[in-house]
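Taking it in order: structure first as structure tokens, then the write-up.
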Amino acid sequence: MSILFQLIFSGISVGMIYGVIAFGYQLTFATSKTLNFGQGEALALGALVGLTAINFIFGTIWGTYIGVGWSYLLMIPLVLVFGFLQGTVVERLGVRQAITIKSEAGWIMSTIALGIIFKNLAENIWGRDGLKFPSPLPEAAMTVNLGFAEFRVQPMELAIIFGALAIMLAVEFFNRKTVFGKAVIATANDREAAGLMGINTTRVISFSYALSSLTAAFAGVLVAPITLTGATMGVVLGLKAFAVAIIGGLSSGMGVVVGGLILGITETLTGYYISSGYRDVPGLILLLLVLAIKPSGLFGRATIKKL
Amino acid sequence: MLELDNISASYGKVAVLQGISLTVPEHQLVTLIGSNGAGKTTTLRAISGMLRPQSGQILLAGEDISTLPSHLIARRGLAHSPEGRRIFPNLSVKDNLIMGAFLRLTGKRSRGDVAGDIERVFTLFPRLKERHKQLAGTLSGGEQQMLAMGRALMLNPRVLLLDEPSMGLAPKLVEEVFATIHRLKAEKITMLLVEQFAAAALEVADYGYVLENGKIALSGTAAKLRKDSAVQAAYLGGGS
């Protein structure tokens, strides 16, 4: 019983990371029907920039007073700004032209190409080895006792869950409550009509790419303390998050969270009960099933159109 | 206020507009009538920047807008209630109206009283008020049409383009839509109206243009066009 809870908890925390990255895919897909296939690299770059920033902040005279925890918190805004700018660059160089000429596939190749360039850049700056990211929270696992089951959690895993939820809620809140956020939804619904309202939809799409990379960079610094940080850390994560976006549906915010949790939990359970060699298989089978049975995703919906 | 000078436009290789010239004077209601495929919707799309004309000039208050993208044309005070309504299905009714006032809320046009103008739209269309929290995608076709008109009004436009506001509506709703157009005319809003119900359009308009195969075939005061035998035969179901 205890081990089951342990596995589910780890699955949730991994799943939330998938969910956040998939959420980023969704943001750009909504406004432009395109995705950044370099999302994994955006995550890795975010983590590496975060690593440099946290080491710098901690290395200053203040570091000894504020400790790693506060250094980590101070580093986050820098990483968010970096992610935002990086996403803008991807949109400007890789996507805008393809959208303007209504290219069906140009953006696929150009975002992959930019991803590879970013990865090479990162390898040359930070090297090819996995680096240790200082953990802002104690690394020793705490014991959680639910009465009927007892299991151990790493504080950082809890932080991942809350951090992931927080950033997704923040974006949702922005979209639903602010005029600019509503303009994003309007652009997603009908780009031409949004233009008639005076909304600069080119800028909205650029902004959605910026937000998408921002969430990926944030996911990077969330996951970095419990894994090794390096240029290639995002490759597998980005791919799995893409599976999550397909499973959950590219049009549903709730879908990516549930999709992420499903994939995360099946992975940890399979890894333990069957074989760690097969841990990726059930999720991918699920992906194939969803594509066969409900191609719009578990929570995806076809857009309502009334004539 | 709005002037088209020899506008030509095409979709791909198909020429749709072949040298359209027309004028919408301030405070007047001008209607554009013609059969399906004559180019009425295309004319409006060219004006609001949804389609870039190949040649010709479009002057809004004396300034050429023919090469501007839609959002910059809106910024100069042109609102367009497009064919097919094109409301935002995933936003509430009220948020659709707020999007109509986007430029006023973001400082690009003078703000005025946005909340008051939303109330004014609700007075014009009480049904929208009842449903203001509902997602616009759940509205009936008639309600969506009202929303599209209300949303365009929220810009406080200098010129309002209305594309087939009666399309697909039950007769009673068509009457309601025209009653609204009468009311907007009384408020001296400058309008260009495209309509399939030529009789009703000529009833409310000051001036009319008849479009045939991408060219202006005839124009004149609405009173004159109503009496024109060719117009009666072709568009007013007359001849008898």
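Considering B:L59, B:L78, B:L29, which residue is out of contact with any Asp or Glu (no Cβ under 6 Å at 6 or more places or on another chain) and at pLDDT 95 or above?
B:L78
How about the range B:96-124: which of its residues are surrounded by 23 or more Cβ atoms within 10 Å (Cβ to Cβ) and either among the aromatic types (F, W, Y) or without any contact (Cβ under 8 Å) to a residue 24 or more places away in the chain (or both)?
The answer is B:F102, and nothing else.
From the list A:G230, A:G300, A:G277, which one is surrounded by fewer than 23 Cβ atoms within 10 Å (Cβ to Cβ) and touching a strand residue (DSSP E or B) at 6+ places or on another chain (Cβ under 8 Å)?
Every option except A:G230 fails the conditions.
In the range B:149-179, how many are in contact with a helix residue (DSSP H, G or I) (Cβ under 6 Å, 6 or more places away or on another chain) and either more than 19 Å from B:T123 (Cβ to Cβ) or not aliphatic (A, V, I, L, M) (or both)?
9
Just a yes or no: is a residue in the range B:165-180 under 30 Å from B:Q54 (Cβ atoms) and open to solvent by less than 40 Å² (accessible area, probe 1.4 Å)?
Checking the range B:165-180: at least one residue is under 30 Å from B:Q54 (Cβ atoms) and open to solvent by less than 40 Å² (accessible area, probe 1.4 Å).
Here is a list: B:T41, B:T31. Which entry is surrounded by fewer than 22 Cβ atoms within 10 Å (Cβ to Cβ) and within 21 Å of B:M167 (Cβ to Cβ)?
Only one candidate qualifies: B:T41.
In the range B:30-137, which helices (runs of 4 or more DSSP H) lie fully inside it and hold 2 or more residues that are within 14 Å of chain A (Cβ to nearest Cβ), on the phi > 0 side of the Ramachandran plot and touching a Pro at 6+ places or on another chain (Cβ under 8 Å)?
Of the helices (runs of 4 or more DSSP H) lying wholly inside the range B:30-137, none has at least 2 residues that are within 14 Å of chain A (Cβ to nearest Cβ), on the phi > 0 side of the Ramachandran plot and touching a Pro at 6+ places or on another chain (Cβ under 8 Å).
Of all residues in the range A:57-67, count the ones that are aliphatic (A, V, I, L, M) and open to solvent by 40 Å² or more (accessible area, probe 1.4 Å).
2
Check whether at least one residue in the range A:210-223 is farther than 16 Å from A:F82 by Cβ and either more than 8 Å from chain B (Cβ to nearest Cβ) or open to solvent by 10 Å² or more (accessible area, probe 1.4 Å) (or both), and report yes or no.
For the range A:210-223, residues farther than 16 Å from A:F82 by Cβ and either more than 8 Å from chain B (Cβ to nearest Cβ) or open to solvent by 10 Å² or more (accessible area, probe 1.4 Å) (or both): present.
May I ask you to say which residue of A:I199, A:I247 is open to solvent by less than 10 Å² (accessible area, probe 1.4 Å) and within 14 Å of another protein chain (Cβ to nearest Cβ)?
A:I199
Mind listing just one residue for me: the one in the range A:154-186 that is touching a Ser or Thr at 6+ places or on another chain (Cβ under 8 Å) and away from chain B (no Cβ under 14 Å) and, of those, surrounded by the fewest Cβ atoms within 10 Å (Cβ to Cβ)?
Once the filter is applied, the top-ranked residue is A:L158.
For the range B:160-240, which helices (runs of 4 or more DSSP H) that fit wholly inside it have 1 or more residues that are of a type in the set (K, R)?
B:171-186, B:222-227
The values are calculated or read from the model by the stated rules, or taken from the named source; none is laboratory data. Here the structure is a predicted model, which is why all the values come from computation and not from measurement. Note that we place each Cβ from the backbone using ideal geometry, even for glycine, and neighbour counts take in every protein chain shown. Side chains included, ligands, DNA and RNA excluded: accessible areas come from the protein's heavy atoms. Shrake-Rupley method; radii C 1.70, N 1.55, O 1.52, S 1.80 Å.
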